[in-house]
Amino acid sequence: MKKYFLSAVLTLGLFLLTFSCSSDKVMTDNSAEIKQISDMAKSGIWRITNYNDSGQDETSDYTGYSFTFNENGTLIATNGTNTYSGTWSVSDDSSSDDNPDDIDFNIFFASPPNFEELSDDWDISSSSSVKIELIDVSGGNGGTDLLTFEKN
């Protein structure tokens, strides 16, 4: 009887230990929201109405440019004279220091330098059918960058 009692106590203890441990971060399925934001971005031509780099307003660097988020993941910026190609995507946030429920709006331009500044995995602060507001807190200097696209 003692053996049975000891075995039952150990089994119960192991069961409680196993199920009482939890992770600090519970991942959620963001696939529907990712699809919604991706579809919204692909639904028109956009312009940058705010680009603030750590307190420095650099919006004028993008005046006159139209941005098209294509189905195949390419991002085209053109002002009628100059055209720059980049890539874009919307994905679950892979950073361990952010909220795991965050969604990233990823932008990459290889050149020119002012478009390279847009290259980042931006957090989405708000989005609607006519506006996408993005934010990034720099890991290096701790500055906050803000980027807003509005539909033409």
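The values are calculated or read from the model by the stated rules, or taken from the named source; none is laboratory data. Owing to the predicted nature of the structure, the values given are computational and were not obtained by experimental measurement. Every residue, glycine among them, receives a Cβ derived from its backbone with ideal geometry; neighbour counts consider all protein chains shown.
When region 111-127 is examined, which residues are found to be aromatic (Phe, Trp, Tyr) and either touching a Cys at 6+ places or on another chain (Cβ under 6 Å) or assigned to a strand (DSSP E or B) (or both)?
Trp122
Hey, any hits in region 27-49 for a residue that's modelled with pLDDT of 95 or more, part of a strand (DSSP E or B) and within 16 Å of Ser125 (Cα to Cα)?
The answer is yes, given that some residue of region 27-49 is modelled with pLDDT of 95 or more, part of a strand (DSSP E or B) and within 16 Å of Ser125 (Cα to Cα).
May I ask you to say which residue of Gly142, Gly80, Gly73, Gly86 is more than 12 Å from the chain's Cα centre (by Cα) and free of Cβ contacts under 8 Å to residues at least 12 places away in the same chain?
Gly142
Scan region 34-72 residue by residue and report those that are more than 15 Å from Glu150 (Cβ to Cβ) and out of contact with any strand residue (DSSP E or B) (no Cβ under 6 Å at 6 or more places or on another chain).
Lys35, Gln36, Asp39, Ser54, Gly55, Gln56, Asp57, Ser60, Asp61, Asn70, Glu71, Asn72
Yes/no per residue for (1) surrounded by 14 or more Cβ atoms within 10 Å (Cβ to Cβ); (2) over 16 Å from Ser66 (Cα atoms); (3) at pLDDT 85 or above:
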{"residue": "Pro100", "(1), (2), (3)": "yes, yes, no"}
{"residue": "Phe105", "(1), (2), (3)": "yes, yes, yes"}
{"residue": "Phe109", "(1), (2), (3)": "yes, no, yes"}
{"residue": "Ser127", "(1), (2), (3)": "yes, yes, yes"}
{"residue": "Glu133", "(1), (2), (3)": "yes, yes, yes"}
{"residue": "Leu146", "(1), (2), (3)": "yes, yes, yes"}
